[in-house]
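Asker: Have a look at the structure that comes next, please.
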Protein chains: 2
Amino acid sequence: MYKQNYRSKLLEEAVDQIASLPGVGRKSALRYALHLLREPAANVEKFTAAINNMRTGVRYCPECNMICDDATCPICSDTSRDRTVVCVVESLRDVLSIENTGQYHGLYQVLGGIISPMDGVGPDDLPIKHLVERVAKGEIKEIILALDTNMEGETTSLYIYRQLAASGVKVSTIARGVAFGDDLEYTDEFTLGKAIVNRQLFSI
Amino acid sequence: MYKQNYRSKLLEEAVDQIASLPGVGRKSALRYALHLLREPAANVEKFTAAINNMRTGVRYCPECNMICDDATCPICSDTSRDRTVVCVVESLRDVLSIENTGQYHGLYQVLGGIISPMDGVGPDDLPIKHLVERVAKGEIKEIILALDTNMEGETTSLYIYRQLAASGVKVSTIARGVAFGDDLEYTDEFTLGKAIVNRQLFSI
């Protein structure tokens with residue numbers, strides 16, 4: 001890759017680091033670095049301290065693997081939630097997206113990854129055994145699989161489904177269909193086909 | 001603005017800080033924060049240390065206001081450069097862009113800003129007096145104005161031109177015209193008009 005001479009080793013190192021963020025190129029990284037250079041030193045200290053504090057301070061819930069600041073997970077410890085349903089998601093971002101809908105009040109299992117032989121991630125790298133143990137305690141009645149619909153997601157869903165088959169727990173997946181606002185014309189055939197097969201009674 | 005509940009104060013503070021970068025929204029900031037969360041702690045330390053070191057370590061050349069790591073500016077101290085020409089630019093990024101062309105071998109004057117009454121930036125906030133003093137030393141024969149062609153840029157160019165008028169130094173601006181690869185059809189009338197008036201002898 002073409003590398004610019006920044007005339008400053010310090011600037012170059014900062015740009016290198018910022019450009020390591022996902023989807024950030026060297027041009028954007030330089031822009032961010034120069035912005036931080038113009039900021040008062042106290043603001044830049046706050047900026048880096050917030051990142052360091054997050055990295056060192058954040059804990060993960062031993063039960064659902066969700067991010068939490070202290071020993072008690074805000075979701076697992078919420079007694080108003082339905083403890084008989086567990087939604088399996090890949091990452092914290094999915095939890096935030098589902099929480100935003102306000103439609104789900106059960107618990108979660110954050111996998112923190114997805115089965116992907118290409119990236120060297122196998123079933124044992126994910127807390128799937130832990131999920132099976134949670135189910136074995138008997139309180140959980142339904143597992144909702146909410147993983148991506150790519151190959152890795154489907155593989156992981158199938159693997160979890162098989163691991164849970166013996167337990168007799170109900171396993172469901174979130175509904176796939178045409179998204180609100182999407183034109184039928186531009187919906188891929190597979191999604192549209194699934195949407196017709198899984199049609200629901202019209203209700204208002 | 002709608003603010004998400006991140007279920008973690010530490011994550012929220014990091015996202016707040018990252019979202020303060022120019023052009024970074026909260027969705028991207030969350031993506032960067034979660035990336036940093038997944039990275040080994042040592043990498044995150046390197047990331048923040050590089051930014052802190054840059055902010056505290058970078059110096060500005062007392063002569064041209066260019067960024068430099070130590071007391072000597074890599075451009076001003078380069079004896080192979082033409083010391084009779086000074087190119088006036090708004091920011092360090094412009095220096096890097098011009099240096100990339102390999103077509104310029106003179107010195108620079110980085111203004112570090114632009115005259116903008118809207119933002120409360122007046123001529124005295126920029127090193128224009130310093131530039132006049134540099135010219136007064138007698139070594140400089142030409143000043144090239146390479147500022148943006150918006151209102152602030154034109155105002156600043158005009159102001160500098162007037163301040164230098166008495167010194168008898170030659171003042172030029174970079175050529176404006178149709179960029180290589182641009183269609184005439186889509187070039188604005190002002191640029192195309194200027195490009196015709198300032199036509200040059202064809203050469204190969």
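The values are calculated or read from the model by the stated rules, or taken from the named source; none is laboratory data. Keep in mind that this is a model prediction, so the values were computed, not measured. Backbone-built Cβ (ideal geometry, glycine too); neighbour counts: all protein chains shown.
Asker: Can you pull out every residue in the stretch B:103-114 that is under 22 Å from A:Arg38 (Cα atoms) and more than 11 Å from chain A (Cβ to nearest Cβ)?
Answerer: B:Gln109, B:Val110, B:Leu111, B:Ile114
Asker: Search the stretch B:119-145 for residues being of a type in the set (Asp, Glu) and outside any helix (DSSP H, G or I), and hand back the single one that is farthest from B:Gln163 (Cα to Cα).
Answerer: Filtering first and then ranking leaves B:Glu139.
Asker: Follow-up question, since we're still on this one. For B:Arg83, which of the numbered conditions (1) basic (Lys, Arg); (2) surrounded by 20 or more Cβ atoms within 10 Å (Cβ to Cβ); (3) in contact (Cβ under 8 Å) with a residue 40 or more places away in the chain fails to hold?
Answerer: (2)
Asker: Can I ask one more? For the stretch A:150-196, which positions are under 12 Å from A:Ile114 (Cβ atoms) and in contact (Cβ under 8 Å) with a residue 12 or more places away in the chain?
Answerer: Once the filter is applied, which keeps residues that are under 12 Å from A:Ile114 (Cβ atoms) and in contact (Cβ under 8 Å) with a residue 12 or more places away in the chain, the stretch A:150-196 yields A:Glu152, A:Gly153, A:Thr155, A:Thr156, A:Ser157, A:Tyr159, A:Ile160.
Asker: Which condition does A:Ser172 not pass, out of (1) under 22 Å from A:His105 (Cα atoms); (2) within 24 Å of the chain's Cα centre (by Cα); (3) part of a loop (DSSP other than H, G, I, E, B); (4) not aliphatic (A, V, I, L, M), if it passes all the others?
Answerer: Answer for A:Ser172: the failing condition is (3).
Asker: Something else: What's the number of the condition A:Pro117 fails, among (1) surrounded by 13 or more Cβ atoms within 10 Å (Cβ to Cβ); (2) more than 14 Å from every other protein chain (Cβ to nearest Cβ)?
Answerer: Failing condition for A:Pro117: (1).
Asker: Another question, if that's okay. Is there a residue being modelled with pLDDT of 90 or more, assigned to a helix (DSSP H, G or I) and within 17 Å of the chain's Cα centre (by Cα) anywhere in the stretch B:103-118?
Answerer: Looking through the stretch B:103-118, none of the residues is modelled with pLDDT of 90 or more, assigned to a helix (DSSP H, G or I) and within 17 Å of the chain's Cα centre (by Cα).
Asker: Tell me, please, whether a residue that is touching a residue at least 60 places away in the same chain (Cβ under 8 Å) and either closer than 30 Å to B:Cys68 by Cβ or out of contact with any helix residue (DSSP H, G or I) (no Cβ under 8 Å at 6 or more places or on another chain) (or both) can be found in the stretch B:90-105.
Answerer: Yes, the stretch B:90-105 has at least one match.
Asker: Separate question: When you go through (1) within 13 Å of chain A (Cβ to nearest Cβ); (2) surrounded by 15 or more Cβ atoms within 10 Å (Cβ to Cβ) one by one for B:Ile128, which number turns out not to apply?
Answerer: For B:Ile128, the exception is condition (1).
Asker: Yes or no: A:Leu201 among the aliphatic types (A, V, I, L, M) and either outside any helix (DSSP H, G or I) or not assigned by TED's automatic domain parsing to the domain that holds A:Ala136 (or both)? Quick ask: steps written out before the conclusion?
Answerer: On the way: among the aliphatic types (A, V, I, L, M): yes; either outside any helix (DSSP H, G or I) or not assigned by TED's automatic domain parsing to the domain that holds A:Ala136 (or both): yes.
So A:Leu201 passes the test.
Asker: Okay, next question. Residue by residue through the stretch A:92-114, note down the ones that are buried (at least 17 other Cβ atoms within 10 Å of the Cβ) and among the polar types (S, T, N, Q).
Answerer: A:Gln109
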